[in-house]
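Student: Supplied in C-alpha coordinates, the structure appears directly below.
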There are 2 protein chains.
Amino acid sequence: MSVMPASEPDVVGAWREMQARHAAVCSALERELGDRHGLGISDFEVLDRLADSPAREWRAQDLAESVHLSQSALSRLVDRLARTGLVERCACDNDRRGIFVLLTEDGTRKHADAAATHRAVLARVLPARLGWPTAR
Amino acid sequence: MSVMPASEPDVVGAWREMQARHAAVCSALERELGDRHGLGISDFEVLDRLADSPAREWRAQDLAESVHLSQSALSRLVDRLARTGLVERCACDNDRRGIFVLLTEDGTRKHADAAATHRAVLARVLPARLGWPTAR
DNA sequence: GTACATTAATTGAGCTTGCAAGTATTGCTT
DNA sequence: AAGCAATACTTGCAAGCTCAATTAATGTAC
(Lines give C-alpha, C1' and ligand atoms only; values in the text may rest on other atoms or scores of the structure.)
Protein backbone atom coordinates (compact mmCIF):
# COMPACT_ATOMS: atom_id res chain seq x y z
CA MET A 1 0.00 0.00 0.00
CA SER A 2 2.09 2.84 1.29
CA VAL A 3 4.99 3.77 -0.93
CA MET A 4 6.47 6.17 1.57
CA PRO A 5 9.59 5.35 3.54
CA ALA A 6 8.83 4.17 7.05
CA SER A 7 10.74 7.08 8.56
CA GLU A 8 8.20 9.62 7.23
CA PRO A 9 5.28 10.45 9.44
CA ASP A 10 1.93 9.41 8.00
CA VAL A 11 0.83 12.86 7.02
CA VAL A 12 -2.25 11.65 5.17
CA GLY A 13 -3.40 9.64 8.16
CA ALA A 14 -2.84 12.59 10.44
CA TRP A 15 -4.88 14.79 8.11
CA ARG A 16 -7.74 12.31 7.98
CA GLU A 17 -7.80 12.11 11.72
CA MET A 18 -7.81 15.87 11.99
CA GLN A 19 -10.67 16.13 9.52
CA ALA A 20 -12.67 13.62 11.54
CA ARG A 21 -12.09 15.48 14.76
CA HIS A 22 -12.79 18.84 13.16
CA ALA A 23 -16.05 17.58 11.65
CA ALA A 24 -17.16 16.07 14.95
CA VAL A 25 -16.47 19.26 16.88
CA CYS A 26 -18.08 21.51 14.26
CA SER A 27 -21.20 19.42 14.08
CA ALA A 28 -21.56 19.32 17.87
CA LEU A 29 -20.91 23.06 18.20
CA GLU A 30 -23.27 23.93 15.36
CA ARG A 31 -26.06 21.90 16.90
CA GLU A 32 -25.66 23.01 20.51
CA LEU A 33 -24.83 26.67 19.93
CA GLY A 34 -27.70 26.77 17.44
CA ASP A 35 -30.31 25.04 19.57
CA ARG A 36 -29.42 26.68 22.86
CA HIS A 37 -28.41 30.17 21.77
CA GLY A 38 -29.40 30.68 18.14
CA LEU A 39 -25.78 31.14 17.09
CA GLY A 40 -23.68 29.57 14.36
CA ILE A 41 -20.04 28.73 14.86
CA SER A 42 -18.78 31.80 13.05
CA ASP A 43 -21.19 34.00 14.97
CA PHE A 44 -19.80 32.70 18.22
CA GLU A 45 -16.21 33.09 17.11
CA VAL A 46 -16.76 36.75 16.31
CA LEU A 47 -18.49 37.45 19.62
CA ASP A 48 -15.67 35.59 21.35
CA ARG A 49 -12.95 37.72 19.78
CA LEU A 50 -14.82 40.87 20.68
CA ALA A 51 -15.36 39.73 24.26
CA ASP A 52 -11.66 38.94 24.58
CA SER A 53 -10.69 42.46 23.64
CA PRO A 54 -10.41 45.00 26.46
CA ALA A 55 -12.19 47.61 24.37
CA ARG A 56 -14.70 45.04 23.04
CA GLU A 57 -14.02 46.29 19.54
CA TRP A 58 -12.01 45.09 16.55
CA ARG A 59 -11.25 46.32 13.08
CA ALA A 60 -13.27 44.32 10.56
CA GLN A 61 -10.23 43.12 8.68
CA ASP A 62 -8.48 41.85 11.80
CA LEU A 63 -11.65 40.08 12.81
CA ALA A 64 -11.86 38.40 9.41
CA GLU A 65 -8.31 37.15 9.64
CA SER A 66 -8.72 35.97 13.19
CA VAL A 67 -11.80 33.86 12.49
CA HIS A 68 -10.51 32.61 9.11
CA LEU A 69 -13.20 34.18 6.97
CA SER A 70 -13.01 36.26 3.82
CA GLN A 71 -13.71 39.96 4.08
CA SER A 72 -17.00 39.49 2.28
CA ALA A 73 -18.17 36.68 4.53
CA LEU A 74 -17.29 38.76 7.57
CA SER A 75 -19.08 41.80 6.22
CA ARG A 76 -22.30 39.83 5.88
CA LEU A 77 -21.80 38.10 9.21
CA VAL A 78 -21.53 41.50 10.89
CA ASP A 79 -24.72 42.50 9.06
CA ARG A 80 -26.55 39.57 10.61
CA LEU A 81 -25.14 40.14 14.09
CA ALA A 82 -25.92 43.84 13.89
CA ARG A 83 -29.45 43.12 12.73
CA THR A 84 -30.03 41.06 15.88
CA GLY A 85 -28.42 43.73 18.04
CA LEU A 86 -25.40 41.76 19.25
CA VAL A 87 -22.79 44.04 17.68
CA GLU A 88 -22.62 47.54 16.26
CA ARG A 89 -20.72 48.99 13.38
CA CYS A 90 -18.83 52.10 14.27
CA ALA A 91 -16.91 54.36 11.90
CA CYS A 92 -13.32 54.86 12.86
CA ASP A 93 -12.12 58.41 12.61
CA ASN A 94 -8.44 57.73 12.01
CA ASP A 95 -9.10 55.84 8.80
CA ARG A 96 -12.52 56.40 7.40
CA ARG A 97 -12.29 53.41 5.09
CA GLY A 98 -12.34 51.05 8.04
CA ILE A 99 -14.95 50.24 10.63
CA PHE A 100 -14.89 49.02 14.17
CA VAL A 101 -17.17 46.22 15.19
CA LEU A 102 -18.14 46.46 18.80
CA LEU A 103 -20.01 44.24 21.20
CA THR A 104 -23.28 45.57 22.63
CA GLU A 105 -24.66 44.83 26.09
CA ASP A 106 -26.90 42.16 24.56
CA GLY A 107 -23.92 40.73 22.76
CA THR A 108 -21.93 40.58 25.95
CA ARG A 109 -24.68 38.65 27.73
CA LYS A 110 -25.22 36.35 24.77
CA HIS A 111 -21.53 35.61 24.61
CA ALA A 112 -21.28 34.83 28.31
CA ASP A 113 -24.12 32.31 28.01
CA ALA A 114 -22.84 30.72 24.84
CA ALA A 115 -19.24 30.51 26.05
CA ALA A 116 -20.28 28.05 28.73
CA THR A 117 -21.87 25.78 26.13
CA HIS A 118 -18.86 26.24 23.88
CA ARG A 119 -16.38 25.15 26.53
CA ALA A 120 -18.57 22.24 27.57
CA VAL A 121 -18.83 20.94 24.01
CA LEU A 122 -15.11 21.29 23.42
CA ALA A 123 -14.26 19.55 26.67
CA ARG A 124 -16.60 16.71 25.72
CA VAL A 125 -15.83 16.12 22.06
CA LEU A 126 -12.42 17.58 21.32
CA PRO A 127 -10.34 15.05 23.23
CA ALA A 128 -12.72 12.20 22.39
CA ARG A 129 -10.38 10.45 20.01
CA LEU A 130 -7.02 8.89 20.38
CA GLY A 131 -3.76 10.44 19.30
CA TRP A 132 -4.17 13.86 20.82
CA PRO A 133 -2.17 14.91 23.87
CA THR A 134 -5.27 15.01 26.06
CA ALA A 135 -3.15 16.08 29.05
CA ARG A 136 -3.17 15.56 32.79
CA MET B 1 -10.20 35.84 32.99
CA SER B 2 -10.11 32.09 32.98
CA VAL B 3 -12.32 30.47 35.58
CA MET B 4 -11.05 27.00 34.89
CA PRO B 5 -8.75 25.17 37.26
CA ALA B 6 -5.14 25.20 36.18
CA SER B 7 -5.06 21.42 35.98
CA GLU B 8 -7.44 21.43 32.98
CA PRO B 9 -5.92 21.53 29.55
CA ASP B 10 -6.66 24.68 27.56
CA VAL B 11 -9.31 23.17 25.39
CA VAL B 12 -10.32 26.46 23.81
CA GLY B 13 -6.74 27.24 22.88
CA ALA B 14 -6.31 23.79 21.39
CA TRP B 15 -9.49 24.24 19.37
CA ARG B 16 -8.38 27.63 18.05
CA GLU B 17 -5.07 26.19 17.01
CA MET B 18 -6.79 23.31 15.28
CA GLN B 19 -9.10 25.68 13.44
CA ALA B 20 -6.12 27.68 12.25
CA ARG B 21 -4.31 24.61 11.01
CA HIS B 22 -7.43 23.21 9.40
CA ALA B 23 -8.15 26.47 7.61
CA ALA B 24 -4.56 26.72 6.37
CA VAL B 25 -4.56 23.18 5.02
CA CYS B 26 -7.99 23.51 3.41
CA SER B 27 -7.13 26.73 1.70
CA ALA B 28 -3.84 25.34 0.35
CA LEU B 29 -5.51 22.12 -0.81
CA GLU B 30 -8.42 23.94 -2.39
CA ARG B 31 -6.10 26.20 -4.34
CA GLU B 32 -3.59 23.60 -5.50
CA LEU B 33 -5.97 20.73 -6.22
CA GLY B 34 -8.21 23.22 -8.01
CA ASP B 35 -5.53 24.92 -10.08
CA ARG B 36 -3.56 21.81 -10.97
CA HIS B 37 -6.29 19.18 -11.32
CA GLY B 38 -9.66 20.90 -11.37
CA LEU B 39 -10.73 19.18 -8.16
CA GLY B 40 -12.21 20.44 -4.92
CA ILE B 41 -11.25 18.93 -1.57
CA SER B 42 -14.39 16.82 -1.31
CA ASP B 43 -13.93 15.60 -4.87
CA PHE B 44 -10.46 14.41 -4.05
CA GLU B 45 -11.54 12.75 -0.82
CA VAL B 46 -14.14 10.70 -2.65
CA LEU B 47 -11.71 9.63 -5.37
CA ASP B 48 -9.21 8.80 -2.65
CA ARG B 49 -11.61 6.50 -0.78
CA LEU B 50 -12.50 4.74 -4.01
CA ALA B 51 -8.86 4.32 -5.00
CA ASP B 52 -8.10 2.85 -1.57
CA SER B 53 -10.71 0.15 -1.99
CA PRO B 54 -9.61 -3.09 -3.65
CA ALA B 55 -12.81 -3.20 -5.74
CA ARG B 56 -12.65 0.58 -6.37
CA GLU B 57 -16.28 0.82 -5.34
CA TRP B 58 -18.18 1.99 -2.27
CA ARG B 59 -21.75 2.22 -1.15
CA ALA B 60 -22.92 5.82 -1.32
CA GLN B 61 -23.87 5.98 2.34
CA ASP B 62 -20.51 4.64 3.51
CA LEU B 63 -18.78 7.16 1.29
CA ALA B 64 -20.82 9.97 2.80
CA GLU B 65 -19.90 8.96 6.30
CA SER B 66 -16.25 8.50 5.44
CA VAL B 67 -15.83 11.95 3.93
CA HIS B 68 -18.02 13.66 6.55
CA LEU B 69 -20.72 14.86 4.16
CA SER B 70 -24.48 14.61 4.31
CA GLN B 71 -26.19 12.12 2.03
CA SER B 72 -27.55 14.92 -0.09
CA ALA B 73 -24.19 16.62 -0.49
CA LEU B 74 -22.65 13.31 -1.51
CA SER B 75 -25.40 12.62 -3.99
CA ARG B 76 -24.73 15.88 -5.79
CA LEU B 77 -21.00 15.42 -5.54
CA VAL B 78 -21.31 12.05 -7.26
CA ASP B 79 -23.44 13.77 -9.92
CA ARG B 80 -20.62 16.19 -10.65
CA LEU B 81 -17.93 13.52 -10.67
CA ALA B 82 -20.04 11.27 -12.89
CA ARG B 83 -20.73 14.14 -15.27
CA THR B 84 -16.99 14.57 -15.77
CA GLY B 85 -16.50 10.82 -16.15
CA LEU B 86 -14.38 10.19 -13.06
CA VAL B 87 -16.85 7.84 -11.36
CA GLU B 88 -19.88 5.79 -12.32
CA ARG B 89 -23.07 4.98 -10.49
CA CYS B 90 -23.88 1.31 -10.45
CA ALA B 91 -27.06 -0.32 -9.09
CA CYS B 92 -26.39 -2.92 -6.46
CA ASP B 93 -28.43 -6.08 -6.87
CA ASN B 94 -28.55 -7.17 -3.23
CA ASP B 95 -30.33 -4.03 -2.14
CA ARG B 96 -31.85 -2.10 -4.95
CA ARG B 97 -32.30 1.02 -2.85
CA GLY B 98 -28.55 1.50 -2.70
CA ILE B 99 -25.96 2.30 -5.31
CA PHE B 100 -22.30 1.61 -5.73
CA VAL B 101 -20.02 4.42 -6.78
CA LEU B 102 -17.07 3.16 -8.74
CA LEU B 103 -13.90 4.70 -10.04
CA THR B 104 -13.43 4.80 -13.82
CA GLU B 105 -10.12 4.54 -15.66
CA ASP B 106 -10.09 8.32 -16.02
CA GLY B 107 -10.84 8.64 -12.34
CA THR B 108 -7.97 6.33 -11.46
CA ARG B 109 -5.52 8.40 -13.48
CA LYS B 110 -6.86 11.68 -12.13
CA HIS B 111 -6.55 10.39 -8.59
CA ALA B 112 -2.98 9.22 -9.09
CA ASP B 113 -1.98 12.68 -10.35
CA ALA B 114 -3.84 14.56 -7.66
CA ALA B 115 -2.62 12.32 -4.84
CA ALA B 116 0.93 13.51 -5.42
CA THR B 117 -0.16 17.14 -5.07
CA HIS B 118 -2.25 16.23 -2.04
CA ARG B 119 0.63 14.59 -0.20
CA ALA B 120 2.99 17.41 -1.11
CA VAL B 121 0.63 20.05 0.23
CA LEU B 122 0.02 18.12 3.44
CA ALA B 123 3.70 17.56 4.00
CA ARG B 124 4.30 21.28 3.51
CA VAL B 125 1.51 22.90 5.48
CA LEU B 126 0.17 20.37 7.96
CA PRO B 127 3.17 20.29 10.31
CA ALA B 128 3.85 23.98 9.82
CA ARG B 129 2.76 25.00 13.28
CA LEU B 130 3.88 24.13 16.73
CA GLY B 131 2.07 21.89 19.18
CA TRP B 132 1.32 18.90 17.00
CA PRO B 133 3.12 15.60 17.56
CA THR B 134 4.85 15.95 14.20
CA ALA B 135 6.74 12.71 14.79
CA ARG B 136 10.41 11.97 14.75
C1' DG C 1 -49.99 -11.09 2.12
C1' DT C 2 -51.10 -6.43 3.54
C1' DA C 3 -50.00 -2.59 6.21
C1' DC C 4 -46.39 0.11 8.44
C1' DA C 5 -41.91 1.48 10.00
C1' DT C 6 -37.15 1.81 8.34
C1' DT C 7 -33.47 2.59 5.24
C1' DA C 8 -31.09 4.56 0.74
C1' DA C 9 -30.84 7.85 -2.34
C1' DT C 10 -32.54 12.09 -4.64
C1' DT C 11 -34.61 16.66 -4.93
C1' DG C 12 -36.15 21.41 -3.25
C1' DA C 13 -35.26 25.43 -0.55
C1' DG C 14 -32.46 28.36 2.06
C1' DC C 15 -27.97 29.77 3.98
C1' DT C 16 -23.04 30.70 4.18
C1' DT C 17 -19.02 31.16 1.79
C1' DG C 18 -15.43 32.80 -1.61
C1' DC C 19 -14.13 35.28 -5.77
C1' DA C 20 -14.40 39.22 -8.46
C1' DA C 21 -16.00 43.74 -9.22
C1' DG C 22 -17.42 48.16 -7.27
C1' DT C 23 -17.00 52.27 -4.06
C1' DA C 24 -14.66 55.16 -0.89
C1' DT C 25 -10.52 56.66 1.36
C1' DT C 26 -5.59 56.94 2.03
C1' DG C 27 -0.93 57.73 0.82
C1' DC C 28 2.77 58.02 -2.40
C1' DT C 29 5.06 60.21 -6.44
C1' DT C 30 5.89 63.74 -9.20
C1' DA D 1 -1.93 69.46 -5.64
C1' DA D 2 -3.03 66.04 -9.17
C1' DG D 3 -2.83 61.56 -10.50
C1' DC D 4 -2.54 56.74 -9.30
C1' DA D 5 -1.70 52.62 -6.75
C1' DA D 6 -3.00 50.40 -2.53
C1' DT D 7 -6.21 49.47 1.17
C1' DA D 8 -10.93 48.68 3.61
C1' DC D 9 -15.21 47.45 3.13
C1' DT D 10 -19.52 46.12 0.45
C1' DT D 11 -22.18 43.88 -3.18
C1' DG D 12 -23.31 40.58 -7.23
C1' DC D 13 -23.05 36.11 -8.21
C1' DA D 14 -22.16 31.21 -8.35
C1' DA D 15 -20.81 27.02 -5.79
C1' DG D 16 -21.42 23.82 -2.18
C1' DC D 17 -23.51 22.53 2.07
C1' DT D 18 -27.45 21.09 5.40
C1' DC D 19 -32.18 20.19 6.55
C1' DA D 20 -36.62 18.63 5.28
C1' DA D 21 -39.56 16.39 2.13
C1' DT D 22 -39.95 12.88 -1.46
C1' DT D 23 -39.46 8.40 -3.88
C1' DA D 24 -38.29 3.66 -3.89
C1' DA D 25 -37.09 -0.68 -1.76
C1' DT D 26 -36.69 -3.58 2.31
C1' DG D 27 -38.09 -5.87 6.47
C1' DT D 28 -41.45 -6.78 10.14
C1' DA D 29 -45.91 -7.58 12.48
C1' DC D 30 -50.20 -9.21 12.29
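The values are calculated or read from the model by the stated rules, or taken from the named source; none is laboratory data. Predicted, not measured: the structure shown is a model, and the values here were computed from it. Reconstructed Cβ throughout: ideal geometry from the backbone, glycine too, with neighbour counts over all protein chains shown.
Student: Can we say B:D106 is more than 9 Å from DNA strand C (Cβ to nearest atom) and at pLDDT below 95? I'd like the intermediate steps shown before the answer.
Tutor: Details: more than 9 Å from DNA strand C (Cβ to nearest atom): yes; at pLDDT below 95: no.
No: the conditions fail for B:D106.
Student: Sticking with this one: Please enumerate the residues belonging to segment A:37-56 that are over 20 Å from A:E105 (Cβ atoms) and touching an Asp or Glu at 6+ places or on another chain (Cβ under 8 Å).
Tutor: Listed by number, the residues that qualify are A:G40, A:I41.
Student: Among the residues of segment B:122-136, is any part of a loop (DSSP other than H, G, I, E, B), within 24 Å of B:R21 (Cα to Cα), touching a residue at least 12 places away in the same chain (Cβ under 8 Å) and not hydrophobic (A, V, I, L, M, F, W, C)?
Tutor: Taking segment B:122-136 first, the residues part of a loop (DSSP other than H, G, I, E, B) are B:126-136.
Going one step further and asking which of them are within 24 Å of B:R21 (Cα to Cα), we end up with B:126-136.
In the following step, the residues that additionally are touching a residue at least 12 places away in the same chain (Cβ under 8 Å) were identified as B:126, B:128-129, B:131-132.
Still in the running and not hydrophobic (A, V, I, L, M, F, W, C): B:129, B:131.
Scanning segment B:122-136, I find at least one residue that is part of a loop (DSSP other than H, G, I, E, B), within 24 Å of B:R21 (Cα to Cα), touching a residue at least 12 places away in the same chain (Cβ under 8 Å) and not hydrophobic (A, V, I, L, M, F, W, C), so the answer is yes.
Student: I've got another one for you. Looking at (1) surrounded by fewer than 18 Cβ atoms within 10 Å (Cβ to Cβ); (2) more than 9 Å from DNA strand C (Cβ to nearest atom), which one does B:S70 not meet, given that it meets all the others?
Tutor: Answer for B:S70: the failing condition is (2).
Student: Taking the conditions exactly as written (basic (K, R), facing chain A (nearest Cβ under 8 Å) and more than 14 Å from DNA strand D (Cβ to nearest atom)), does B:R21 satisfy them or not? Break it down stepwise before answering.
Tutor: On the way: basic (K, R): yes; facing chain A (nearest Cβ under 8 Å): yes; more than 14 Å from DNA strand D (Cβ to nearest atom): yes.
Considered against the rule, which asks whether it is basic (K, R), facing chain A (nearest Cβ under 8 Å) and more than 14 Å from DNA strand D (Cβ to nearest atom), B:R21 comes out as yes.
Student: Starting from segment B:11-34, keep only residues that are of a type in the set (S, T, N, Q), then list their pairs with residues that are within 12 Å of DNA strand C (Cβ to nearest atom) and not in a helix (DSSP H, G or I) whose Cβ atoms are within a distance under 8 Å, requiring at least 6 positions of separation or different chains.
Tutor: Within 8 Å, the pairs are B:Q19/A:H68.
Here is a yes/no grid of residues against (1) surrounded by 19 or more Cβ atoms within 10 Å (Cβ to Cβ); (2) more than 10 Å from chain B (Cβ to nearest Cβ):
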| residue | (1), (2) |
| --- | --- |
| A:S66 | no, no |
| A:E88 | no, yes |
| A:L102 | no, yes |
| A:H111 | yes, yes |
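Student: Going through segment A:29-59 one residue at a time, which ones are surrounded by 18 or more Cβ atoms within 10 Å (Cβ to Cβ) and of a type in the set (A, V, I, L, M, F, W, C)?
Tutor: A:L29, A:L33, A:L39, A:F44, A:V46, A:L47, A:L50, A:W58
Student: Kindly check whether there is at least one residue in segment A:45-55 that is away from DNA strand D (no atom under 12 Å from the Cβ) and away from chain B (no Cβ under 14 Å).
Tutor: yes
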